[in-house]
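The values are calculated or read from the model by the stated rules, or taken from the named source; none is laboratory data. Just so you know, these numbers come straight off a predicted model, no measurement behind them. Because the Cβ atoms are built from the backbone with ideal geometry, glycine has one as well, and the counts that use them run over all protein chains shown.
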Amino acid sequence: MQVIGLCRFSYPAKGGFQVEHDTIEERMAFVWARERLEERFRLFETIALPCLRAQTDDDFDLVVLIGDAFPDEHRDRLHAMCADIPQIEILEQPPRNNRKVCKEILNASRLYPAEPCVQFRFDDDDAVSLDFIANLRAAAQDVEPLTRQHQCVGIDWPHGRVAEVGAHGIAATEIYRPYYVAALGVHVAGNSMLTIHNFMHERIPRMMPCVTYPDPDMFVRTHNGYNDSRQKQVKTVPVAPLSAEDQALFRDRFAIDVDHVRRVFSAP
């Protein structure tokens with residue numbers, strides 16, 4: 001069964017942001033501002049990509065969506081960063097309606113449209129556990145009685161960590177958050193044009209049957225200066241520096257190395 005993910009890397013979509021802009025030029029200036037992009041690249045390098053390289057099941061596809069006017073220096077940097085991960089395809093699109101372009105990309109990425117697949121969203125500043133793809137595939141078998149009756153079935157792991165990263169290293173805390181973007185998948189039936197991007201992630205349990213698993217430490221969600229979802233007034237999540245035990249867990253569970261984080265975020 002094909003497992004397909006979609007990551008929007010500073011893609012200047014029309015809609016899809018909580019921060020609003022009057023024109024697409026203002027949207028591009030915001031998402032491609034040098035300070036913002038530098039943080040996105042550092043998070044992508046230290047948090048998001050390591051867990052993809054180390055998946056215990058490497059049979060998955062991930063489309064990384066960027067704007068077709070993405071500055072050359074940033075496009076080249078992104079391609080170089082992803083070059084050793086064959087599962088990644090970097091796809092360029094002009095600014096389009098967020099939900100429409102994401103749905104089209106996911107449907108076009110299905111190698112066998114008449115067969116079911118499992119889809120997931122992947123943010124460029126988050127990580128999933130190293131067995132996330134393996135667990136998605138196993139869960140697709142668990143929910144087979146439901147998939148015989150429904151076009152879509154949600155699959156969720158709500159236990160993870162919230163983390164703040166920087167030159168200081170990592171500070172984090174445990175979190176329980178059902179139907180977050182990270183560690184959430186949707187089983188889609190064969191010949192269905194529905195995708196995970198047809199639904200707001202937190203509303204998925206209103207739209208389809210869902211199965212939730214209690215496994216601990218399934219994702220790392222970073223809180224940083226440019227989280228779109230945190231640009232408005234939100235509740236602060238207290239975090240604490242990682243203990244030696246937690247540092248080992250981040251390394252073994254997510255392939256996140258605290259020393260690597262410090263080196264990258266300490267650079268000018």
Residue count, the stretch 104-122 (criterion: touching a Leu at 6+ places or on another chain (Cβ under 9 Å) and not in a helix (DSSP H, G or I)): 7
Single condition Gln55 does not satisfy, out of (1) of a type outside the set (A, V, I, L, M, F, W, C); (2) within 20 Å of Phe265 (Cα to Cα); (3) crowded, with 20+ Cβ neighbours inside 10 Å; (4) touching a helix residue (DSSP H, G or I) at 6+ places or on another chain (Cβ under 7 Å): (2)
Single unsatisfied condition, Leu136 versus (1) closer than 30 Å to Val237 by Cα; (2) touching an Asp or Glu at 6+ places or on another chain (Cβ under 7 Å); (3) assigned to a helix (DSSP H, G or I): (2)
Sole exception among (1) free of Cβ contacts under 8 Å to residues at least 24 places away in the same chain; (2) crowded, with 16+ Cβ neighbours inside 10 Å for Ala163, by number: (1)
Flag for Arg253 being part of a strand (DSSP E or B) and crowded, with 18+ Cβ neighbours inside 10 Å: no
Odd one out for Pro116, checked against (1) within 16 Å of Cys7 (Cα to Cα); (2) in contact with a Ser or Thr (Cβ under 8 Å, 6 or more places away or on another chain); (3) surrounded by 19 or more Cβ atoms within 10 Å (Cβ to Cβ): (1)
Residues that are among the aliphatic types (A, V, I, L, M), outside any strand (DSSP E or B) and more than 21 Å from Asp125 (Cβ to Cβ), drawn from the stretch 170-203: Ala189, Met193, Leu194
Pair list, Cβ < 9 Å and 6+ apart or interchain, from the stretch 202-215 residues that are closer than 13 Å to Tyr180 by Cα and among the aliphatic types (A, V, I, L, M) to residues that are modelled with pLDDT of 95 or more and assigned to a loop (DSSP other than H, G, I, E, B): Ile204/Tyr179
Members of the stretch 78-103 that are in contact with a strand residue (DSSP E or B) (Cβ under 8 Å, 6 or more places away or on another chain) and either in a helix (DSSP H, G or I) or among the hydroxyl-bearing types (Ser, Thr, Tyr) (or both): Leu78, His79, Cys82, Asn98, Val101, Cys102
